[in-house]
Amino acid sequence: MKVLSLIPLDDCLGSTHSVRCHLDAAMTEEAMRRLAEGGRLEYFPHFPRPFFRVDHPAHFIAQGVLGNDHFRLTYLKQYKDAVREALQTIFSESEPCQDCRTCS
Amino acid sequence: MIYFNHAATSFPRPPAVLTAIQASLTQPPQEPGRSGWEDPLMECRRALMGLFGLEDPLRVVLTASATLACNQILRGLELPPGSHVITSCMEHNSILRPLAAWADQNQGEITYLPLEEDGSFSSGRIRAAVRDSTRLLAFTHASNVTGVLFPMEEIIHLAAERSLPLLIDASQSVGLVPLDLGAISSPVFVAGAGHKALQGPPGTGFFVMAGPDVLKPWIAGGTGVHSLDRTQPPMLPYRLEAGTPNTSGFAGLRAGVLQVLEQTPQVLAAHRCTLAQTLVGDLPTPWRVVSPNPEGDYRTGVVSLSHPEKSPSEVGLMLQEIFGIETRWGLHCAPLAHQHLGTFPQGTLRISFGESNTLEQVAILKDALFQIGMS
Ligand SMILES: Cc1ncc(COP(=O)(O)O)c(C=O)c1O
């Protein structure tokens, strides 16, 4: 699974960055568990669409729904590089994303 | 998808609005003065006038947004350096930021008045805050965070009593809560967004002026008339409108306003109020209404909620991704409101109702809030 792009979201919140992480395939339970390794996973399979939240030690929170090809990442500005590195490790096939406006 | 974000912009637009925009873009552009020519901008001004009891369409200035309207009014007043302005903590950044920029450049002073304990705004606080140096009152008619309505008739009266110009941000109330400017003799400016309850497209806004005509132009440029003049021509609305206007957008806005006038603001507001009261009256635990509106007056259909543990941004995402319900979370461009209400920096989850919403949709929302609330 590959990260295709990180699209900034207008979250209207001061220092927190919110981006939508687009994947080249739908998020699976396995990918969710990989994303949660070393972190804290909250998983709500009983909702009409199974929702997850991962509090990751690389200082980001990932939230989304299994079956979507995207999820939301929230992190503080100063952890931008750490978050990108972590993503590349987790989604091992990832290439550095091309149109990442959050990094500017 | 269920859309509960009408305070940001309306959705879906009525078919009449789409037809008007399309007609405007598919007809050949016409030059003023040609026979059979009807000025689409004047038609839009006339429609807007109907909302405010005004008689002169030239007192309606068309802008690209409520934000630009607020900037033009504030800059156009040319307040003397060192002046004092009274506003409230519930204002949108479209008032707060131009005021702050003006104050920084002109050693201005700004007083931000709070709400009362019960979530209402008391005009008595304005009376107490007026100084000899006060030169402007600037207030929202309805908060885009809690939906609370400011007692605008009292404020207009007070401004007239003190001969103070009054800037009203009616972005959330226009088309829902009437403001009658017909008999006003002091300078009152009402700024509004075209793309919310008036159903126009984004990129439309306006302001109307009652009382003496005192504004200087803030933006200068082509007007299509009096091209030889070195500076902006003195007559309204050209003095305050420069550049090619968004004709198709204003054709859409006119269609939206006519529909609102036909359906009547009172009926449209009653619909929003019913939906909001249905939500607020029986909110699932552990949700809380942030600063409930006194006497359940939710005519603009805006309600802010908070959860004791979950952040508004998390809940907003859950509503969106799990249940297909669109809301708005965060600070809603009104940071002082959240500081005042104790919801800073996370903000609130804002539910805002509109024409297209139904009681069944409110029931779905409540169920979703219940499920999320308990998770
Ligand atoms: C109270 C208030 N004022 C001003 C605005 C700005 O409107 P516009 O986007 O047309 O500039 C908004 C829009 O969200 C608003 O809610």
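Of the strands (runs of 3 or more DSSP E) entirely within segment B:159-212, those holding at least 2 residues that are out of contact with any His (no Cβ under 6 Å at 6 or more places or on another chain) and more than 16 Å from the ligand (Cβ to nearest atom) occupy B:205-210. Remark: B:GLU326 matches the filter, which requires a residue to be farther than 21 Å from B:ARG299 by Cβ and open to solvent by 30 Å² or more (accessible area, probe 1.4 Å).
Against the test of being in the same structural domain as B:GLY256 (by TED's automatic domain parsing) and either in contact with a Leu (Cβ under 7 Å, 6 or more places away or on another chain) or modelled with pLDDT under 95 (or both), the options B:GLY175, B:GLY147 yield a single qualifying residue, B:GLY175.
Looking only at residues of segment B:52-64 that are within 15 Å of the ligand (Cβ to nearest atom) and open to solvent by less than 30 Å² (accessible area, probe 1.4 Å), we find that the one that is nearest to the other protein chains (Cβ to nearest Cβ) is B:THR63.
Restricting segment B:134-149 to residues that are within 11 Å of the ligand (Cβ to nearest atom) and assigned to a loop (DSSP other than H, G, I, E, B) leaves a set whose member that is surrounded by the fewest Cβ atoms within 10 Å (Cβ to Cβ) is B:HIS141. The criterion of at least 3 residues that are within 14 Å of chain A (Cβ to nearest Cβ) and in contact (Cβ under 8 Å) with a residue 40 or more places away in the chain is met, among strands (runs of 3 or more DSSP E) falling completely within segment B:288-367, by B:348-352. Would you mind stating whether B:ARG135 is modelled with pLDDT of 95 or more, over 27 Å from B:ARG350 (Cβ atoms) and not hydroxyl-bearing (Ser, Thr, Tyr)? Here the answer is yes, as B:ARG135 does meet what is asked. The conditions of being more than 16 Å from the ligand (Cβ to nearest atom) and either within 14 Å of chain A (Cβ to nearest Cβ) or outside any strand (DSSP E or B) (or both) are not met by B:LEU68.
The values are calculated or read from the model by the stated rules, or taken from the named source; none is laboratory data. Computed from a predicted model, the values in this text were never measured in an experiment. Backbone-built Cβ (ideal geometry, glycine too); neighbour counts: all protein chains shown. Protein only, heavy atoms only, side chains kept; ligands, DNA and RNA dropped before computing areas. Shrake-Rupley method; radii C 1.70, N 1.55, O 1.52, S 1.80 Å.
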